[in-house]
1. How much of the calculated P(r) for region B:36-171 lies past 20 Å, in percent of all Cα pairs?
2. Just the number, please: Stokes-Einstein D of region A:403-524 in µm²/s, Kirkwood Rh from C-alpha pairs, 10 °C, 1.306 mPa s.
3. Loop only by DSSP, 15 or fewer other Cβ within 10 Å of the Cβ. Give me the GluC sites (Glu not before Pro) in region A:1-65 that pass, ordered by residue number.
4. Pull up all non-local amide H partners of B:D186: gap of 5 or more, or a different chain, and H-to-H distance under 5 Å with H placed in the peptide plane.
5. Can you tell me the length gained on complete extension of the stretch B:H114 to B:N193, counting 0.36 nm per residue apart and subtracting the Cα distance?
6. Tell me which lysines have Cα within less than 26 Å of A:K206's Cα, excluding those fewer than 8 residues away on the same chain?
7. Can you report the principal axis dimensions of region A:267-408 using only the alpha carbons, biggest first, rounded to whole angstrom?
8. What is the sum of charges, Lys and Arg at +1 and Asp and Glu at -1, for the other residues whose Cβ falls under 12 Å from the Cβ of A:G240?
Amino acid sequence: MINSLGRKIPAFIEGIGRLEPFEGAYAKIRKGWMDEPTIPPPNKAYLPHQSKLCKSLEEAIMRSNPHDGMTISFHHHLRNGDVMLVQTLNILHNMGIRDITLASSSLLECHDPILPYLQDGTITRIFSSGIRSELGRAIAHGLMDIPVVIQSHGGRVRGIHTGKVQIDLAVIAASAADCEGNATGAHGKSAFGSIGYAVIDARYAKQVIVVTDNLVDYPCIPLSITQNFVDYVVEVDSIGDPSKIATGTTRITNSPMDLRIAKLAADVIEQSGCFKPGFSFQVGAGGASLAVAKYIRAKMKTKGIKGSFLLGGITSYCVDMLNDGLFETIFDVQSFDAAVSNSLFTNRRHIEVPAALYANPFNCGCITNKLDVVVLGALEIDVDFNVNVITGSEGYIRGASGGHSDTASGATLTVVVCPSFRGRIPIIKKRVHTVVTPGETVHVLVTERGICVSPACGDLAQNLKKAGLMVKDIHDLEKEVDLITGVPGPLEYTDKIVGLVEYRDGTIIDVIHQIKEKQFKLPV
Amino acid sequence: MLYIPGNNPAMIQQGGVYGADSILLDLEDSVALNQKDAARILIRNMMRTIDFYDTEVCVRVNHLGTPFGLADLEEIVPLQPSAIRYPKTESAEEVGNLLEIIEKIEDKHGLPHHVMTIHAMIETAMGVQNVFEIASKFPRIDAITIGGQDLTADMNIIYTPDGAGIDFARKRIVMAAKASHIDIIDTVFPDVNDEEGLRKETEYARKIGFTGKAVINPRQIDIIHNVFTPTEEEVRKAYRIVKEFRANAAAGQGVFAIDGKMIDTPVVRRAEYILQLAHVEILPEGADEKPIT
């Protein structure tokens, strides 16, 4: 099958099932309903005063009916500080459990220790919004027989609703919890802020274990995860290291290049028509993306503009903007900075939201639908404005779909910020290696060498030109950068598909092929 | 004006993207002695191939008293950058000698003598003493710059954030440049993390007459632009002054008043300068009255 972006998609993958090709960002949503039926959540009953406390994670897992072929889920709110995923899989491996489907909301460098389990058959399928580091390399080299499935944050919720991902066991790390399983990430020594991605897991998993290093008296508030979904509670010494949530990505960059791009992006936003009282805004953490917030903050102060809400991955910089009175509300699905937790806990205008409310396309309206402006990064972008945030220039899986396509789909103005080349690799391509976010949902590309506006955006290019901004045709900018860097030779792939990139509506927007290279070896 | 070390290809290739009015590709102090020839070749090749967009390109060569100065000129002059910056200028005689060499090289390559200009850098006590002669004797000198670090070293004093040690030099150099009707560019502010310090020093430089400031990091550009760019209020006021002046002049009237304040020729000249900085033109009578955006 060929999807609407011209990408070849198989009709069926063993171990995954029948695939549906992407037909446009709004093709399925426009119908007003989801084609697939939703599955019911599990049917459970507990007797009064039945204890949920377990002495150890092993005991909780033993009581959760571990079995071959099970699906196990995790959230990634502790990002690189998470230890629960590896610990749980070590336990399951030691129990001899095999053929596990891993459904983590994302996988990061700290999860590299599970790599041997991909080789020995402990883990045979992966659903995740992102994969990085050694895992991404190994998978790109064809380590797994069944392709990994990359989902957006909103798409993950849809996948669970439809039963495409049926979770047998959800292990939910919480920085505070009580004996009944009411749990939160908002306080405690390992506070990590919002626990928004785990809410759907708690709702739909057949068994739910809450793991905490801070067992508090009943009731644990806020009720981010509620007891009516939790089977077992375990107290451990540590759920991880919150200082590693987002090392270095919550400070405004010092990189002159990132700052330059951010300033241009802020100028674009100012001139776009979206920068007005009551506007809503989302930026990513780190690099040029977060730096845009610095310039927007200054422009809001100068012009006396007050926004409506900040959305998404929330940094302490966002909290500062809320406290400055520049925005009315923060909707926080993920806190990119442990320092955000205190605001989440104490400020009633800082609201924790689950992933379904954040970005699931199949409901009566997620918050991304209300976004005016989102600023996103890119590993690559092509002349049709399609964006790759999952595979690197060498073909490895090294990024995350995350909320990229969700927010791009919803925002009135989607601004992609990236340098025109990194090292000596051009970022603007004729055709990206892997499409994650379709070009029809991207409006402006901002690089240090020029600003490109999607032809679908009407007068925006003219308006930006009138404002003195350096607007260029994306084809011209691509050629200009190629003259500096040269055009890299194409990557060589085999026919084997190692990854499926699901669009948020469940269709397949692209596939990732195994890269042809020397035999991959496990790191010593 | 953004300083870029001449031996750093990554920085040179990005020189045009930061929004600086001009970049200074440096062959002098930022390049180690054993890399002078490599930097010279690098700058030559990059000036031929890299698009610096609207940014003016200047090159700081080594002093002719060093083993590198002449070779720098022979390589750079044929490329005709916007300007050659000459370090540690101490006398008009020295400038005359420099121009003679430059013009010989230009003649050899069939190049005109009036396109590329010269920036004389004042970085010694002797240069400060002779600055008016340096600034005024040769029309090809269109800017004077002060090098604060070298000047304090020459004076055997320590550079302090308040700039006290070089305050006299700053003002003397400004006066020489003003008397010669050429640009005057302030020295760099060395602490790239002290944004407030940079702002204060730049505001002071503008107040005493500098027309620009050198930077060593692109992060400093915005602050300098911010200080040197007239505010919207200043531009509106200047626009009104110039417009009313022209209307009054056409009616044969000289001095007039706006909001009770006397407007005479010096005030009008200052207003015209502000409009020039803001790239604002006076529209003819009856045209759209909203020229300032």
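Laboratory data are not the source of any read-out in this text; all were calculated from the coordinates shown. On a predicted model such as this, the values are computed, not experimentally measured, just so you know. Cβ: placed from backbone, ideal geometry, glycine included. Neighbour counts: every protein chain shown.
1. On the way: 4496 of 9180 pairs.
Considering region B:36-171, 49 percent of its Cα-Cα pairs are separated by more than 20 Å.
2. Details: Rh = 16.6 Å.
Diffusion coefficient, whole number: 95 µm²/s.
3. Values: sites: A:E14, A:E23, A:E58, A:E59; in loops: A:E14, A:E23.
Counting only loop positions with at most 15 other Cβ atoms within 10 Å, the GluC sites (Glu not before Pro) in region A:1-65 are A:E14, A:E23.
4. Those lying under 5 Å, H to H, from B:D186 are B:T211, B:G212, B:K213, B:A214.
5. Numbers: separation 79, 0.36 × 79 = 28.44 nm, distance 3.96 nm.
Extending this stretch completely gives an extra 24.5 nm.
6. Cross-link targets: A:K44, A:K52, A:K55, A:K164.
7. Largest first, region A:267-408 extends 44, 33, 32 Å along its Cα principal axes.
8. On the way: positive: A:R79, A:K189, A:K244; negative: A:D82, A:D213, A:D237, A:D241.
Taking every Cβ under 12 Å from that of A:G240, the sum is -1.
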